[in-house]
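Undergrad: Right, I'll just put the structure down here and ask away after.
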Ligand code: NAD
Ligand code: MG
């Protein structure tokens with residue numbers, strides 16, 4: 001199998017390359033293209049090790065540096081949006097791993113679908129902002145869409161336990177993040193160092209903050225709606241602190257099927273690469289006796305208002321999830337740059353949502369314009 005990895009320098013991208021290594025001799029995967037934003041040191045190291053046809057730095061200012069670094073290799077060095085689109089559409093490529101963070105992943109992922117590539121999808125912002133266009137394109141171009149987000153991989157796997165028409169609801173699990181159980185008062189003076197410490201997962205900075213505010217779970221509710229074609233009311237968010245059950249589905253006979261494993265993104269990445277087969281993994285097994293108990297609770301949507309805002313924007317549909325997503329990207333970046341406090345993330349997202357009038361029918365260009373307008377007109 002030949003793959004392109006969009007976002008190879010990130011948390012998902014680097015783990016995907018580890019999966020490529022783990023599968024060597026079991027299922028050989030050739031990496032045709034890798035892309036990063038500005039981390040040229042890592043891009044160079046990855047290019048030397050995996051010898052892709054092309055390597056792309058999205059940041060155009062880093063292009064000449066990367067080009068010089070790889071001058072002695074046969075790898076073609078590209079940059080910017082054009083480079084990303086090229087990486088997403090290479091002729092010999094079978095599957096594209098979409099693991100760029102945020103809205104920046106949308107266009108190259110759509111290009112990959114239009115070029116007939118199967119998609120392993122980590123970038124949830126793509127489905128949040130352009131869900132209907134994305135799913136229509138998946139159908140139109142007949143590509144396979146394999147979820148990489150651990151919850152959605154779990155739902156996908158659990159759905160094998162019954163027929164689609166027999167599905168009653170999805171139980172989407174959430175770790176609850178580092179601040180589960182805290183009051184709004186206790187969250188007032190949270191620092192970015194505290195918010196960046198996730199109890200169970202090591203991830204990129206943006207998704208780690210989203211996990212602390214529960215916006216991540218809100219985005220995942222919208223992601224699940226599009227991936228599995230379910231109503232918002234049939235998706236229940238359940239806090240499960242241990243992150244062993246990665247999500248569950250309930251069928252009409254009230255039977256619940258769960259997918260479990262130790263928290264490692266290498267599992268869903270590997271399953272997307274090997275589906276419909278299951279192949280050997282060198283990782284550890286769950287020791288249930290050692291764990292002894294699994295716990296569950298309802299999320300507190302008053303304290304973690306981002307979850308409620310995302311559900312609301314998702315139900316409104318149209319351009320509102322794009323407004324939500326863009327406002328959240330702006331607010332998370334401002335929080336990471338010490339410009340706003342932790343609780344202001346949700347307050348800002350709520351304010352920006354109230355400023356936009358919904359538009360139910362939209363094109364990809366409309367979505368790009370809405371995203372741009374939020375970033376330009378509501379700068380922090
Ligand atoms: P990350 O920040 O670690 O990596 C992001 C990647 O995108 C890097 O390669 C970076 O260079 C690239 N990138 C950033 N901005 C870019 C831009 N403007 N243009 C082009 N490339 C750009 O993020 P991550 O944690 O690996 O997350 C990637 C995606 O996967 C996100 O959408 C996230 O929600 C999703 N996801 C991540 C995890 C996880 O465990 N990390 C789990 C589930 C879903
Ligand atoms: Mg997830």
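The values are calculated or read from the model by the stated rules, or taken from the named source; none is laboratory data. Because the structure is a prediction, the values reported are computed rather than measured. Heads up, the Cβs are rebuilt from the backbone with ideal geometry, glycines too, and the neighbour counts pull from every protein chain shown.
Undergrad: For the range 87-95, does any single residue satisfy the condition of being surrounded by 18 or more Cβ atoms within 10 Å (Cβ to Cβ) and over 16 Å from residue 13 (Cβ atoms)?
TA: Applying the first criterion (surrounded by 18 or more Cβ atoms within 10 Å (Cβ to Cβ)) to the range 87-95 yields 87-90, 93, 95.
Okay, now just the ones that are also over 16 Å from residue 13 (Cβ atoms), so 89-90.
Yes, the range 87-95 contains a residue that is surrounded by 18 or more Cβ atoms within 10 Å (Cβ to Cβ) and over 16 Å from residue 13 (Cβ atoms).
Undergrad: Any chance the range 30-40 includes a residue that's closer than 25 Å to residue 65 by Cβ, in a helix (DSSP H, G or I) and near ligand 1 (Cβ under 9 Å from one of its atoms)? Break it down stepwise before answering.
TA: First, pick out the residues of the range 30-40 that are closer than 25 Å to residue 65 by Cβ: 31-40.
With in a helix (DSSP H, G or I) added as a condition, the list becomes 40.
Now drop any that are not near ligand 1 (Cβ under 9 Å from one of its atoms), which leaves none.
The answer is no; no qualifying residue exists.
Undergrad: In the range 318-328, what residues are in contact (Cβ under 8 Å) with a residue 60 or more places away in the chain and over 10 Å from residue 219 (Cα atoms)?
TA: Initial filter on the range 318-328 (in contact (Cβ under 8 Å) with a residue 60 or more places away in the chain): 321-322, 324-326, 328.
Matches in the range 318-328: 322, 326, 328.
Undergrad: What helices (runs of 4 or more DSSP H) lie completely within the range 276-357 and have 1 or more residues being more than 26 Å from residue 180 (Cα to Cα)?
TA: Working: elements: 288-291, 305-316, 320-336, 342-355.
Those helices (runs of 4 or more DSSP H) span 305-316, 320-336, 342-355.
Undergrad: Just wondering, is there one or more residues in the range 56-66 that are modelled with pLDDT of 95 or more, more than 10 Å from ligand 1 (Cβ to nearest atom), assigned to a strand (DSSP E or B) and assigned by TED's automatic domain parsing to the domain that holds residue 32?
TA: Going residue by residue through the range 56-66, those that are modelled with pLDDT of 95 or more are 56-66.
With more than 10 Å from ligand 1 (Cβ to nearest atom) added as a condition, the list becomes 60-66.
Those left that are additionally assigned to a strand (DSSP E or B): none.
Taking every residue of the range 56-66 in turn, none turns out to be modelled with pLDDT of 95 or more, more than 10 Å from ligand 1 (Cβ to nearest atom), assigned to a strand (DSSP E or B) and assigned by TED's automatic domain parsing to the domain that holds residue 32.
Undergrad: Still on this structure, please answer the following. Quick check, is residue 26 in contact (Cβ under 8 Å) with a residue 12 or more places away in the chain and either closer than 25 Å to residue 367 by Cβ or within 22 Å of the chain's Cα centre (by Cα) (or both)?
TA: Against the criterion (in contact (Cβ under 8 Å) with a residue 12 or more places away in the chain and either closer than 25 Å to residue 367 by Cβ or within 22 Å of the chain's Cα centre (by Cα) (or both)), residue 26 does not qualify.
Undergrad: Related question: I'm checking my understanding of the structure. Among residues of the range 218-248 that are part of a helix (DSSP H, G or I) and within 14 Å of ligand 2 (Cβ to nearest atom), which one is surrounded by the most Cβ atoms within 10 Å (Cβ to Cβ)? Steps first, please.
TA: Keep residues of the range 218-248 that are part of a helix (DSSP H, G or I), which gives 218-228, 232-234.
So of that shortlist, the ones also within 14 Å of ligand 2 (Cβ to nearest atom) come out as 218-224, 227.
Details: 218: 32, 219: 27, 220: 29, 221: 23, 222: 26, 223: 27, 224: 26, 227: 24.
Taking the candidates together, the pick is 218.
Undergrad: Say whether the condition of being within 15 Å of ligand 2 (Cβ to nearest atom), assigned to a loop (DSSP other than H, G, I, E, B) and surrounded by 24 or more Cβ atoms within 10 Å (Cβ to Cβ) is met by at least one residue in the range 195-216. Reasoning before the result, please.
TA: Step one: list which residues in the range 195-216 are within 15 Å of ligand 2 (Cβ to nearest atom), which gives 198-204, 206-216.
Imposing the further condition that a residue be assigned to a loop (DSSP other than H, G, I, E, B) reduces the set to 198-204, 214.
Subsequent filtering for residues that are surrounded by 24 or more Cβ atoms within 10 Å (Cβ to Cβ) retains 214.
For the range 195-216, residues within 15 Å of ligand 2 (Cβ to nearest atom), assigned to a loop (DSSP other than H, G, I, E, B) and surrounded by 24 or more Cβ atoms within 10 Å (Cβ to Cβ): present.
Undergrad: Another question about this same structure. Out of 23, 66, report the one residue that is touching a strand residue (DSSP E or B) at 6+ places or on another chain (Cβ under 8 Å) and either closer than 18 Å to residue 85 by Cα or away from ligand 2 (no atom under 16 Å from the Cβ) (or both).
TA: Working: 23 fails: touching a strand residue (DSSP E or B) at 6+ places or on another chain (Cβ under 8 Å).
From the options 23, 66, the qualifying one is 66.
Undergrad: Can residue 301 be described as at pLDDT 95 or above and in contact with a helix residue (DSSP H, G or I) (Cβ under 6 Å, 6 or more places away or on another chain)? Lay out the reasoning, then the answer.
TA: On the way: at pLDDT 95 or above: yes; in contact with a helix residue (DSSP H, G or I) (Cβ under 6 Å, 6 or more places away or on another chain): yes.
When the stated conditions are applied, residue 301 passes them.
Undergrad: Same structure, new question: Please give the helices (runs of 4 or more DSSP H) falling wholly within the range 81-161 in which 2 or more residues are within 16 Å of ligand 2 (Cβ to nearest atom), closer than 24 Å to residue 310 by Cα and touching a residue at least 40 places away in the same chain (Cβ under 8 Å).
TA: Working: elements: 106-114, 124-141, 150-158.
Fully inside the range 81-161 and qualifying: 124-141, 150-158.
Undergrad: OK, next. Within the range 358-376, can you find the residues that are under 16 Å from residue 313 (Cβ atoms) and not in a helix (DSSP H, G or I)?
TA: Answer for the range 358-376, where residues must be under 16 Å from residue 313 (Cβ atoms) and not in a helix (DSSP H, G or I): 358, 359, 360, 362.
Undergrad: Let me ask something additional. Hey, among the residues in the range 162-194 that are in contact (Cβ under 8 Å) with a residue 24 or more places away in the chain and in a helix (DSSP H, G or I), which one's nearest to the chain's Cα centre (by Cα)?
TA: 192
Undergrad: Now, a different point. Hey, can you tell me all the residues within the range 324-344 that are surrounded by fewer than 19 Cβ atoms within 10 Å (Cβ to Cβ) and at negative phi?
TA: First, pick out the residues of the range 324-344 that are surrounded by fewer than 19 Cβ atoms within 10 Å (Cβ to Cβ): 333-334, 336-341, 343-344.
Selection gives 333, 334, 336, 337, 339, 340, 341, 343, 344.
Undergrad: Still on this model: Conditions first: (1) in contact with a helix residue (DSSP H, G or I) (Cβ under 6 Å, 6 or more places away or on another chain); (2) more than 16 Å from ligand 2 (Cβ to nearest atom); (3) in the same structural domain as residue 256 (by TED's automatic domain parsing). Residue 174 passes all but one, so which condition is the exception?
TA: (2)
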